[in-house]
Every structure is written in C-alpha cells, then in structure tokens.
Amino acid sequence: MSAEKDERRPAGELEAAVLAALWAAGTPLTPAQVQAELSSGLARTTVTTILTRLYDKGTLERQRQGRGYAYRPVEDPHGLTALRMHGELDRGSDRETVLARFVARLSEDDEQVLRRLLEESP
Amino acid sequence: MTIALLLVPLLLPWAAPVPARRALDRCPPAVALWTLAVSALLLAAGTVASLGALALTGLLRIPAFAALGELVHPLRTPSARLVLPLAGLAAGLLTLAALALGRSVVRQAAGLRSARSEAGRRPAAGDLCVVDSPRPDAYALPGRPHRIVVTTAMLRSLDAREREALFAHERAHNAGGHHYFLAAAELAAHCHPALRPVREDIRLATERAADETAATAVGDRRLTARAIARAALATHTADASRPAVTPAATSGPVPRRVAALLTPAARPPRALSWTAALLAACVLLSCTTAATGTIDLHQDIEVAQGEAAGH
C-alpha cells in the first residue's frame, strides 16, 4: 500500500492497525517503533496522533521512555472477555452459525495441502 | 394429482447440491453467493409450502378439522390410506424443522448478543476488538456499529501486512452483510436435509467473496492467500489437542480459498453454463409445482366448502 493511500485511510482503520501492532509486539512500543512495525507509509506524527487518541480513550496505557512515551494495550484482567466470548460461541459447531470466521478448522489433509501451497508460492 | 405435484418440491432439493457446487467453482464469488442463497431460499420455501399443503390435506380429512374449516362436502383426495400417513409425516417433518430452527435461532441470538456486549465493554480502536486469548481466532461481528473481533494469538501469528489482509477480509463480511446470507443458508438447511451441502457452499462463497474484496483492498492476492494459510495453520496447531471435528477426505474450504487466490484473478466470464441453467430449472420447477399444488388444494377446499361449483 502506498504512503498516500495509507494517510488517506479512515481514522478507525488506522487505529485498528496501531492497536493490532501493539498487541502483536507484546511489549511497550514508542511511536517510532510502531511506525517501523507497521512498515507502512504512515508519518511519525500521524502515528503519534493515533497513539495519543487511543491513550485518551483508555485503550492504551503509556510509560515514560527517554524523551517520549512507550505505549501498550490496556489488558483485560484475567482474560475474562476471552473466556466469556469463547464460551458462548463454542456451543455451536463451526459449521452451524451465522458468524463468519476467518478460517474454518482444518483436516489433516488440509494441513498438507496448505503447507504445499505455501511452499510453492514464493 | 395434487398430491403428486406437492411431492415434486420435496424431491427437487436433492438435485441442487451438484449444480450449486459447480456454480461456486465457476462464477465470481459474489455472483455465486447471491445465486446460491436465493436458490436455497426458494427451494426451502417450496419444501415448506408443500409440507404445509400435504399436512393440511390430511387434517381436513379428519371430521373435527373439516368442521373447523367449514367444509360441507368431504375434501376430494385419493384414498385416506395414502393421504393420512403422508399428511402425518409431513406434519411431523414440519414440526421437527420448526423446532430445530427455533433452537438454532435462540442459541445463535444469545451467542451474538453476549459477544456484542463483551465487545462493547472492551476499549475499541476503530472497529477492532482485541480479545486476549492463546487461541487464534478472528470473526466479523455484525451489528451497530459493525466490529471485527481478533484474538491476540491470531494477531501474533501474522505480520503487519497480513493483519491488514485479515482486517480487510472481516470488514468485507460486515460491509457485504454476509451474516444475512449465512442466516439464509441456516434457514434453508433446517428446512430440507438435502440443502445442508448447499449451506456449506454458501459459507464458502461468503469467504471467497470476502477474500477477493480483501485482495483488492490490500492490492496483493498472494499476500491475502498467505495470511489465510498462516492463520489456518496457526489455528490448527493450537487445536491439535482437540479431536478433529471434520475429518474430510477431500480438501476443505481453506485450501480451496488459498488455491483460488493463488490463481490469477480475471477468468473470462462464461456464457450461461448448463449448471446455472440446471439450478434455475430446479428452483423454477420447485416453485411452480409448490404453487400449483397449493392453488389446487385451495380450490378443492373451496369446492368442499360449497363456495365454488365442483368441476
């Protein structure tokens, strides 16, 4: 994705990308690190703005690091959300629900086919 | 005659899965999705209308119900020995289908409601709701506003660009209203067992449609394919302790999606293939026979009520 295209994306999508990067990293990140992690064309100032907005909303917490801040996601105590959501959604099998899951369960054959497809595609 | 007509819509859905599968293979996913969903709904409607008419025919042979229906003459039907068991069977099947459907609706509504309330309680970033969980999982959560729910394990198994492909895929589900198609598929599958494979095809069609939209959004089919494959493998590894729910002999939906993305996008649009024609013929025949049978029954009832002259 080109730099101009990234800068013009809706604010919600940028916030989602930034939060995802912070969760994936697992450690507090500075705006420069977030920018590098996203490997997109976002300007540092844009990243900083998004981080500040998410901090103001209570989605992120931050700590002093050098002359700026390092940010990390506010964690869910005891993973309660995960427990409750998985509990409700697991009752039905994968195949009998109106939820559109990203990936369905694989069979052993599927796994072989997928690994081969991944190897074949450069 | 009426009875024979009413049996046709009950048999036709058995002919649907083959052309449905082929339509999915050949049409663009969005076209296939609409075609399959509309066909499945119409075939299901034909089934329900037929079962209803058959059950009614039997009921009106019973004197108490005939009186309730203000019948002054007996309803013209073939022998009661044929009609009554058939009607009983039809009524039983309708009841079973209604119960299964009702259970599914209640369960899914509860699941969705609780997922939405949990998602609402979490701090959000745009439409993204992150759930801290060691199990890779991601899904679109329809509602106002639409959300996408992704677990931390899923975020960690993908790189930044693959995550964008995943988000684009889930946003495509929400923007395309794919949950309505999935609900239609569920409804149809509960109405007639032969439509269950069509439900799987509709599910695959929604995924394929979202995959194509995501590939266009991130501008890279290969990247999208890799994101799906890596997400599926990560989920599979995390699932390894559980027994396989679907031991499939043929390759399942995920490899088909990945393979489709790895082949070039634009295939020349085919002329109306025989598969589409066959599917359309099934649907048309089902609707026509169900309608004709029901209208016939209605006329017979009016005759029996003494409202119309017998012919």
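The values are calculated or read from the model by the stated rules, or taken from the named source; none is laboratory data. As the structure is a computational prediction, the values presented were derived from the model and not from experiment. Cβ placement follows ideal geometry from the backbone for every residue including glycine, while neighbour counts extend to all protein chains displayed. What goes into the accessible areas is simple: the full protein's heavy atoms, side chains included, and nothing from ligands, DNA or RNA. Shrake-Rupley method; radii C 1.70, N 1.55, O 1.52, S 1.80 Å.
With a 1.4 Å probe and all protein chains kept in place, how much accessible area does residue B:228 have, in Å² rounded to the nearest 10?
0
Rounded to the nearest 20 Debye, what is the dipole magnitude of the range A:3-73 about its Cα centre when Lys and Arg each give +1 and Asp and Glu each give -1 at the C-beta?
240
Give me the percent relative contact order of chain B, please, defined on Cα pairs under 8 angstrom at least 6 residues apart.
Taking the mean separation of contacting Cα pairs over the length of chain B, I get 31 percent.
Based on the Cβ-Cβ distance of residue B:144 and residue B:296, what FRET efficiency does E = 1/(1 + (r/R0)^6) give at R0 = 41 Å, to the nearest 0.05?
So, using R0 = 41 Å, E works out to roughly 0.35.
Give me the compactness ratio for the range B:113-231, meaning the Cα radius of gyration over 2.2 N^0.38 Å.
1.11
Between the alpha-carbon centers of the range B:277-307 and the range B:1-69, tell me the distance in whole angstrom.
For the range B:277-307 versus the range B:1-69, the Cα centre distance is 11 Å.
From the phi of every residue in the range A:41-54, what ³J(HN,Hα) in whole Hz does the Karplus formula 6.51 cos²θ - 1.76 cosθ + 1.60 yield, where θ is phi - 60° and glycine or proline is x?
Values per residue, Gly and Pro as x: x, 5, 6, 4, 5, 4, 4, 4, 4, 5, 4, 5, 5, 5 Hz.
Where the Cα atoms of the protein assembly as shown are projected onto their three principal axes, how long is each span, largest first, in whole Å?
95, 45, 42
Quick one: if the Förster radius is 25 Å, what FRET efficiency do residue B:109 and residue B:34 give, using the C-beta to C-beta distance and rounding to 0.05?
0.50
Output ³J(HN,Hα) for the range B:23-39: one whole-Hz value per residue in order, computed from phi by the Karplus curve 6.51 cos²θ - 1.76 cosθ + 1.60 with θ = phi - 60°, and x for Gly and Pro.
4, 5, 5, 9, 8, x, x, 5, 5, 4, 4, 4, 4, 5, 5, 5, 4
Rounded to the nearest 10 Å², what accessible area does residue B:114 show when all protein chains are kept and the probe is 1.4 Å?
30
How large is the charge dipole for the protein assembly as shown, taken about the Cα centre, if only the Cβ atoms of Lys, Arg (+1) and Asp, Glu (-1) carry charge, to the nearest 20 debye?
580
Identify, among B:83, B:71, B:44, the residue whose Cα sits farthest towards the positive end of the charge dipole of chain B, taking +1 on the Cβ of Lys and Arg and -1 on the Cβ of Asp and Glu, with the dipole about the Cα centre.
B:44
Per residue of B:152-165, count partner chain C-beta atoms within 10 Å of its C-beta, then hand back the mean as an integer.
5
In debye, nearest 20: dipole of the range B:1-147 around its Cα centre with unit charges on the Cβ of K, R (+) and D, E (-)?
Computed charge dipole of the range B:1-147: roughly 140 debye.
Under a 1.4 Å probe, what is the accessible area of the protein assembly as shown per residue, stated in Å²?
Computed with neighbouring chains in place, this is 47 Å² per residue.
Run the quick spin-label model on residue B:4 and residue B:80: label points 7 Å from Cα toward the beta carbon, then report their separation in nm to one decimal.
Output for this residue pair reads 2.5 nm.
For the pairing of chain A with chain B, what total accessible surface becomes buried, with a 1.4 angstrom probe, in square angstrom to the nearest 100?
In total, this chain pair buries about 6100 Å².
Just counting partner chain Cβ atoms within 10 Å, what average do the residues of peptide B:100-107 show around their Cβ?
The mean count of partner-chain Cβ atoms within 10 Å per residue comes to 1.
With n ≥ 4 as the cut-off for DSSP H runs, can you work out [θ] at 222 nm for chain B, using -39500 (n - 2.57) per run divided by the number of residues, rounded to the nearest 500?
Counting only the DSSP helices, I get -23500 deg cm²/dmol.
In whole Hz, what ³J(HN,Hα) sequence does the range A:58-68 give by Karplus (6.51, -1.76, 1.60; θ = phi - 60°), x for Gly and Pro?
Result, ordered by residue: x, 7, 10, 10, 9, 9, 4, 8, x, 8, x Hz.
Quantify how strongly other chains surround peptide A:22-32 by giving the mean number of their Cβ atoms within 10 Å of each of its Cβ atoms.
3
With all protein chains present, calculate the accessible area of residue A:23 using a 1.4 Å probe and round the result to the nearest 10 Å².
10
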